[in-house]
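Read-outs throughout are calculated quantities, based only on the coordinates presented, and are distinct from any laboratory measurement. Please read these numbers as outputs of a predicted model, since none were measured by experiment. Note that each Cβ is placed from the backbone with ideal geometry, even for glycine, and that neighbours are counted across all protein chains shown.
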Amino acid sequence: VKERGGSNISVLTPDDHERLSRKAAIEKHLIYALDRKNLQLLYQPIVNLANGKVERVEAFVRWTDSEIGVVTPDELIPIAEENGLINKIGSFVVETACLQLKDWKSKNIDLQISINSSIHEFRDKDMAKMLLENLKLNDCHPSSLMIEITEKFALEAEAERSIMTQMKNLHQEGITFALDDFGTGYASFRYMLLLPISSIKIDQMIIQSITKQERIQKLINGMIQFGKSLDFQVTAEGVETNEQFELLRAMGCDSLQGYLIGHPMTAADLEKWLG
Ligand code: C2E
Ligand code: CA
Ligand code: CA
Ligand code: CA
């Protein structure tokens, strides 16, 4: 057994065993779940402050396995990135989102869906093709889809020509890209101009600290003005209180997202919520 702070001989502890067997179980069950499309997307409303309307939703993957129980994205996505199943999750997300767009269109519900993408998905050279095919199949204009990428993704993409090319092609077709978790990464801004990014999403940890300190308010205000001066559309995520809402509105944020506005919900619940 591994000793606390002791030697660096690594023998697995009971905890390690539990973690590894859970991981193995997740891998095994995920393959079945993906084959049966037994995952789900929830949609969280994003309000456009210019007109007070919900014009975009962010899609989040949800998976509850009958044996393992709930597997949150924070556990699921890293495992899937490691074992390569992320590409299948990505296809599921794209297919489901495009079907949803078609369904909403038939109900005269005009919403853009923003999906989260891992760089592993873009290492598949057919990613752009897959995206455009799904959109076409469901009669959806590419502008109805937004793709959220992290700063880490953006930094790596800068060095991978084939990913840059795919992003540029998708951008030309009308798909928009947003930079997720802005402000938590590397403060390297070059990629913001190199990649076809049109939106930034200020990270929820920063947003949630907003009311505590004047300097944090100044920092967030600076981030918003910085984004706007470069013509990015600026979204704040993780808005939970009226105080945060009002401050961000006053600072000129373009759109807000968070539990205060609405939790991620099923498409049916979202339709009811929209009224
Ligand atoms: P993210 O893209 O930064 O998403 C925001 C997370 O915060 C989501 O958690 C969302 O449910 C949660 N959230 C939204 N509003 C609030 C709020 O007001 N307060 C708080 N405390 N939380 C809020 P979730 O769904 O568990 O997803 C976690 C992360 O997993 C996401 O972070 C994203 O990076 C990743 N992820 C989720 N779905 C997908 C997916 O379909 N594909 C990929 N590649 N990644 C995904
Ligand atoms: Ca996101
Ligand atoms: Ca985020
Ligand atoms: Ca995040």
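The ranking of L145, L137, L76 from fewest to most other beta carbons within 10 Å of each one's beta carbon is L137, L76, L145. Charge dipole of the chain (Cα centre as origin; +1 on each Lys and Arg Cβ, -1 on each Asp and Glu Cβ, all else neutral): 300 debye, rounded to the nearest 20. Of Y259, Y43, Y32, the sequence from fewest to most neighbouring Cβ atoms within 10 angstrom is Y32, Y259, Y43. In the structure shown, the pairs K28/K129; K125/K272; K152/K218; K37/K107; K88/K272 are assessed against 32 Å; a Cα-Cα span above that value is assigned to K125/K272.
Taking the Cα centre of region 1-140 as reference, the dipole from Cβ charges on Lys and Arg (+1) and Asp and Glu (-1) amounts to some 300 debye. Across the options W273, S144, N87, the greatest Cα extent toward the positive end of the charge dipole of the chain (unit charges at beta carbon of Lys, Arg, Asp, Glu) belongs to S144.
Amide H to amide H distances under 5 Å link T211 with no residue, where only residues 5 or more positions off or on other chains count and H is placed in the peptide plane.
Place a +1 charge on the Cβ of each Lys and Arg in region 147-272 and a -1 charge on the Cβ of each Asp and Glu, then give the dipole magnitude about the Cα centre in debye, rounded to the nearest 20. Each step should come with its number before you reach the end.
Values: 11 positive and 18 negative charges, 74 e Å.
Computed charge dipole of region 147-272: roughly 360 debye.
Here the Karplus relation 6.51 cos²θ - 1.76 cosθ + 1.60, evaluated at θ = phi - 60°, turns the backbone of region 33-45 into coupling constants of 4, 5, 4, 9, 6, 8, 10, 9, 10, 10, 10, 10, x Hz, with x for every Gly and Pro. For the pair K102 and H263, the difference between a 0.36 nm per residue extended length and the Cα-Cα distance amounts to 55.7 nm. Taking 0.36 nm per residue of separation and subtracting the Cα-Cα distance, full extension of the segment from S143 to N169 would add 8.1 nm.
Among V47, V239, V11, the largest mean-square fluctuation in a Gaussian network model of the chain, built with springs joining Cα atoms closer than 10 Å, belongs to V11. Highest mobility in the GNM of the chain, judged by mean-square fluctuation with C-alpha springs under 10 Å and restricted to D103, D16, D65, is found for D16.
Each Cα pair under 8 Å and six or more residues apart adds its separation to the average, and for the chain the resulting relative contact order is 17 percent.
Would you list L30, L131 from fewest to most Cβ contacts within 10 Å? Kindly include the intermediate steps, with their values, before the conclusion.
Working: L30 23, L131 26.
Sorted ascending by nearby Cβ count, the order is L30, L131.
In sequence order, region 75-86 has phi-based couplings of 8, 5, 5, x, 5, 5, 5, 6, 9, x, 6, 4 Hz under the Karplus curve 6.51 cos²θ - 1.76 cosθ + 1.60, θ = phi - 60°, and Gly or Pro positions carry x.
Length available on full extension from D35 to K136: 0.36 nm per residue minus the Cα-Cα distance, which gives 34.1 nm.
For A25, project a label point 7 Å along Cα to C-beta. Then give me every residue of region 48-81 with its amide nitrogen under 13 Å of that point. Counting backbone N atoms under 13 Å from the label point, the list is 65-71.
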